[in-house]
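Working notes for the structure below.
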Amino acid sequence: MRLRGRRVLLGVTGGISVYKICELVRLLKKSNIDVQVLMTEEATKFVSPETFRVLSQREVLISTFDYLEASRVEHVQLAQEADLMVIAPATANTLAKFANGIADNMLTCTFLAYKGKVVVFPSMNSNMYQHPATQRNISILKNYKNVEVMEPASGELACGVSGKGRLPEPEEICEEIIFQLSVKDFDGKKVLVTAGPTREHIDPVRFLSNPSSGKMGYAIAKAAARRGADVWLVSGPTNLKAPNRVRFINVCSAREMFEETRKIFSSVDILIMSAAVADYRPKTFSSQKIKKEETRLKVIELEKNPDIILELSKIKSHQFVVGFAAETEEVLNNAKEKMNRKKMDMIVANLATQAFQKDTNKVIIIHKDGTTRFLPEMPKEEVADEILDEISLKI
Ligand code: C5P
């Protein structure tokens, strides 16, 4: 995600869930997003503006008459400089003001002056949320062409009752903001990503596998979705959460992964095979746990798994096919040989010992025409964007 310098106007209104916004500001800053907090007077009763000033490293604005510099007409200037406006939590009171064009504080004035996209996260007691007045105000807001009103989550509310009205967790709001700010250069593209290891069972409780964490493939699926692609993620067993906006398909063995990817392959534009697929599986599967006294576990006879990328490359029409090569030696030569043999359009090569289980990766990207890029070690999220950049040059 290339979000350095993108600016979000974060409107914070007076609900108990304001405490979650402290963490949200921290997450946004970690993603290099510039955050300007606008609080209502009521919000300051829950969390001090000082907390937001320190977390956002910017002055917090509250009254219509606050300003950052004497020469600025602040609400107009803020509106011109922002890339996105987010209101979280949005109380029934502020929703009503937005729906009726009331401009009585810095937030409501800036809302009227802002012509870009506004994402609103209502959060309140479920009776207040369900009230016809609030519902009417929300439907008025939904009719403004620059406003998107998100559904509150359901669950236990701070007032003690359970129902609809919860503010989503900071991570989810942050992900939505990153999605809104990301350049949509993969809009309309259909991308199939595989990730994680496969498990080749010997009996119900034992299997052959490898230490792939799935982090690289999940980062690619996430980045492609943020950049506007329609994404399928076929994943072997991992401990990772399925990314938002991705069609997620869980598989276990190489044969299952082959079945699922084959079904989807014909309808996609890009295949990225980052899964660490087991090359072999046990020839026989015992449906009962093999007892340790049994002699046959001393030798596990193996047979070859389908080579998914090779089989799909044979039937490809327009698809751009990207593979991975996790090598322990001769990385460049082995990767080139693999790319040619498996008829890939591009290969991402790395040292297996530098990639497995880690949050960073150091890769070499090689194209069919020989163009080669050596990247320094960087977080897998950034590697994912670099890989997508290279693909976008060729499609
Ligand atoms: O030959 P090697 O396993 O190193 O090739 C790695 C590439 O081939 C990866 O993109 C991997 O996802 C893919 N692969 C496959 N089916 C296999 C083994 C590997 O698609 N059975």
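The residues of the stretch 344-358 that are in a loop (DSSP other than H, G, I, E, B) and either small (Gly, Ala, Ser) or at pLDDT 95 or above (or both), listed by number, are Met344, Asp345.
Just checking, does the stretch 285-293 include any residue being within 12 Å of the ligand (Cβ to nearest atom) and either out of contact with any Ser or Thr (no Cβ under 6 Å at 6 or more places or on another chain) or not hydrophobic (A, V, I, L, M, F, W, C) (or both)?
First, pick out the residues of the stretch 285-293 that are within 12 Å of the ligand (Cβ to nearest atom): none.
Looking through the stretch 285-293, none of the residues is within 12 Å of the ligand (Cβ to nearest atom) and either out of contact with any Ser or Thr (no Cβ under 6 Å at 6 or more places or on another chain) or not hydrophobic (A, V, I, L, M, F, W, C) (or both).
Kindly evaluate Ile315 against the criterion of being of a type in the set (Val, Ile, Thr) and either more than 20 Å from Val193 (Cα to Cα) or surrounded by 14 or more Cβ atoms within 10 Å (Cβ to Cβ) (or both). Against the criterion (of a type in the set (Val, Ile, Thr) and either more than 20 Å from Val193 (Cα to Cα) or surrounded by 14 or more Cβ atoms within 10 Å (Cβ to Cβ) (or both)), Ile315 does not qualify. If you check Thr371 against the conditions, is it out of contact with any Cys (no Cβ under 6 Å at 6 or more places or on another chain), in the same structural domain as Gly236 (by TED's automatic domain parsing) and more than 12 Å from the ligand (Cβ to nearest atom)? Spelling it out, Thr371 is indeed out of contact with any Cys (no Cβ under 6 Å at 6 or more places or on another chain), in the same structural domain as Gly236 (by TED's automatic domain parsing) and more than 12 Å from the ligand (Cβ to nearest atom).
The test for being surrounded by 21 or more Cβ atoms within 10 Å (Cβ to Cβ), hydrophobic (A, V, I, L, M, F, W, C) and either in contact with a His (Cβ under 7 Å, 6 or more places away or on another chain) or on the phi < 0 side of the Ramachandran plot (or both) holds for Val118. Pro152 - would you say it is closer than 19 Å to Leu84 by Cα and not assigned by TED's automatic domain parsing to the domain that holds Lys358? Judged against the criteria, Pro152 is not a match.
Just one of the listed residues (Ala229, Ala275) is closer than 25 Å to Arg373 by Cβ and away from the ligand (no atom under 15 Å from the Cβ), namely Ala229. Consider the stretch 305-339 and keep the residues that are part of a strand (DSSP E or B) and not hydrophobic (A, V, I, L, M, F, W, C). The one that is nearest to the ligand (Cβ to nearest atom) is Gly323.
The values are calculated or read from the model by the stated rules, or taken from the named source; none is laboratory data. Computed from a predicted model, the values in this text were never measured in an experiment. Every residue, glycine as well, gets a Cβ built from its backbone with ideal geometry; the counts of neighbours run over all protein chains shown.
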